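The values are calculated or read from the model by the stated rules, or taken from the named source; none is laboratory data. In this text, all values refer to a predicted model and were calculated from it rather than measured experimentally. Neighbour counts are summed over all protein chains in view; Cβ atoms, including those assigned to glycine, are modelled from backbone coordinates with ideal geometry.
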Amino acid sequence: MLRHLMSPMDFSVDELSRLMDLAGDIERNPKKYAHACDGKILATLFYEPSTRTRLSFESAMLRLGGKTLGFATADSSSAAKGESVSDTIRMISCYTDICAMRHPKEGAALVASAKAKIPVINAGDGGHQHPTQTLTDMLTIRSLKGRLDNLTIGLCGDLKFGRTVHSLIKSLVRYENVRFVLISPEELRIPSYIRDDVLEKGGIEYKEVRQLESVMPELDLLYMTRVQKERFFNEEDYVRLKDFYILDKKKMDLAKPDMLVLHPLPRVNEISIEVDDDPRAVYFQQGQYGVYVRMALILSLLFPEEYKVLEQEG
Ligand code: NCD
């Protein structure tokens, strides 16, 4: 059966656990997988800017022995001529075996998956979801913290437009005793479809605060985010809010000695570079886990029977 990845919720907790186990095995034994995708092609269809996500997908496929093709901007594709995502994916299904798509419109990857003959991976759809960043975040947390349960997680910055935050919360609420501290200015609070439909409905413990300093001591993880300039309706609001939080050494002094700082990157000003040398700052390491987990994802979607990460239906 053809499986896609639109949201981290598409995979059960058991499937995620097996996926992360596979990523771990790839990390320890890269040679074993160096030809696993010989003869296969990954398409990267990026209608919106990206450095990490697109290149980590390409790196993942190349490290598996496969090849890649695609485009990095909408205006270098037929989208500039008015072609629909549905038509593009029908063609891409003839050229490649699997595809990662990023699009500024919420739901674009879902539309593509309905017409695709190959697995489609949502590499970010507008302000909605970013499941492979969540897989990256989860593998980082599981590898460096040793668990995904019993955690107090601070999410700080643009919780309104930050799709990585939405995906991460939706995924982590499935683990035991996970508590969220949502740190944002009033204008960038978490959307109600997360607060009401996920946190409230699920009976998950959370609080919303404006100030970062006062909650630092209680956090096991701090997930910093960039204010999403491209999703603002006016420049003035962006300029007013962009430097609302700046994590610096002084604030790090308030944190637990084993608290981890994550960030999906790119960073703008929200983490001072003086924090980079702190052993608790793991945002560059996170990028490495992103390659392993995307390798595991490509293998699981392309060869479901061989890798047995995903449950087979029917
Ligand atoms: C994130 C994204 O695109 O949502 N970047 C990424 O993929 N690592 C975060 C961001 O752009 O702020």
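When the range 1-47 is filtered for residues that are within 29 Å of residue 105 (Cβ to Cβ), away from the ligand (no atom under 16 Å from the Cβ) and in a helix (DSSP H, G or I), the ones remaining, listed by number, are 9, 10, 15, 16, 19. Among the criteria (1) within 16 Å of the ligand (Cβ to nearest atom); (2) in contact (Cβ under 8 Å) with a residue 40 or more places away in the chain; (3) not in a helix (DSSP H, G or I), the one residue 141 does not fulfil is (3).
Would you say residue 55 is of a type outside the set (Phe, Trp, Tyr) and within 15 Å of the chain's Cα centre (by Cα)?
In short, yes.
Taking the range 228-286 as the range and being surrounded by fewer than 18 Cβ atoms within 10 Å (Cβ to Cβ) and among the acidic types (Asp, Glu) as the test, the residues that pass are 230, 235, 236, 237, 243, 248, 253, 258, 274, 276, 277, 278. Consider the range 126-150. How many of its residues are closer than 22 Å to residue 228 by Cα and either hydroxyl-bearing (Ser, Thr, Tyr) or at pLDDT below 95 (or both)? The total comes to 7.
For the range 161-188, the set of residues classified as within 19 Å of the chain's Cα centre (by Cα), under 19 Å from residue 247 (Cα atoms) and assigned to a loop (DSSP other than H, G, I, E, B) consists of 162 only.
Within the range 279-302, is there a residue that is over 22 Å from the mean Cα position of the chain (by Cα) and among the charged types (D, E, K, R)? Explain how you work it out, then say what you get.
At the first step, the residues of the range 279-302 found to be over 22 Å from the mean Cα position of the chain (by Cα) are 279.
With the extra rule that they be among the charged types (D, E, K, R), the set shrinks to none.
No; the residues of the range 279-302 include none that is over 22 Å from the mean Cα position of the chain (by Cα) and among the charged types (D, E, K, R).
With respect to residue 121, is the statement that it is under 20 Å from the mean Cα position of the chain (by Cα), of a type outside the set (Asp, Glu) and either buried (at least 23 other Cβ atoms within 10 Å of the Cβ) or modelled with pLDDT of 95 or more (or both) true? Talk me through it step by step, then tell me what you get.
Numbers: under 20 Å from the mean Cα position of the chain (by Cα): yes; of a type outside the set (Asp, Glu): yes; either buried (at least 23 other Cβ atoms within 10 Å of the Cβ) or modelled with pLDDT of 95 or more (or both): yes.
Spelling it out, residue 121 is indeed under 20 Å from the mean Cα position of the chain (by Cα), of a type outside the set (Asp, Glu) and either buried (at least 23 other Cβ atoms within 10 Å of the Cβ) or modelled with pLDDT of 95 or more (or both).
Return yes or no: is residue 136 in the same structural domain as residue 240 (by TED's automatic domain parsing), surrounded by fewer than 24 Cβ atoms within 10 Å (Cβ to Cβ), within 16 Å of the ligand (Cβ to nearest atom) and assigned to a helix (DSSP H, G or I)? Spelling it out, it is not the case that residue 136 is in the same structural domain as residue 240 (by TED's automatic domain parsing), surrounded by fewer than 24 Cβ atoms within 10 Å (Cβ to Cβ), within 16 Å of the ligand (Cβ to nearest atom) and assigned to a helix (DSSP H, G or I). Here the range 134-151 is the region considered, the condition is being of a type outside the set (Lys, Arg) and farther than 19 Å from residue 12 by Cβ, and the residue that is nearest to the chain's Cα centre (by Cα) is 140.
Here's the yes/no breakdown for (1) over 20 Å from residue 7 (Cα atoms); (2) of a type in the set (A, V, I, L, M):
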position	(1), (2)
106	no, no
110	no, yes
113	no, no
116	no, yes
122	no, no
138	no, yes
150	yes, no
181	yes, yes
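Give the residue that is farthest from residue 162 (Cα to Cα), with candidates limited to residues of the range 213-271 that are modelled with pLDDT under 95 and of a type in the set (Lys, Arg). If we take residues in the range 213-271 being modelled with pLDDT under 95 and of a type in the set (Lys, Arg), then 240 is farthest from residue 162 (Cα to Cα). Take the conditions (1) of a type in the set (Gly, Ala, Ser); (2) within 16 Å of the ligand (Cβ to nearest atom); (3) closer than 22 Å to residue 288 by Cβ; (4) modelled with pLDDT of 95 or more; residue 50 misses just one of them, which is (4). Among residues that are under 28 Å from residue 105 (Cβ atoms), of a type outside the set (Ser, Thr, Tyr) and in contact with a helix residue (DSSP H, G or I) (Cβ under 6 Å, 6 or more places away or on another chain), residue 190 is not included.
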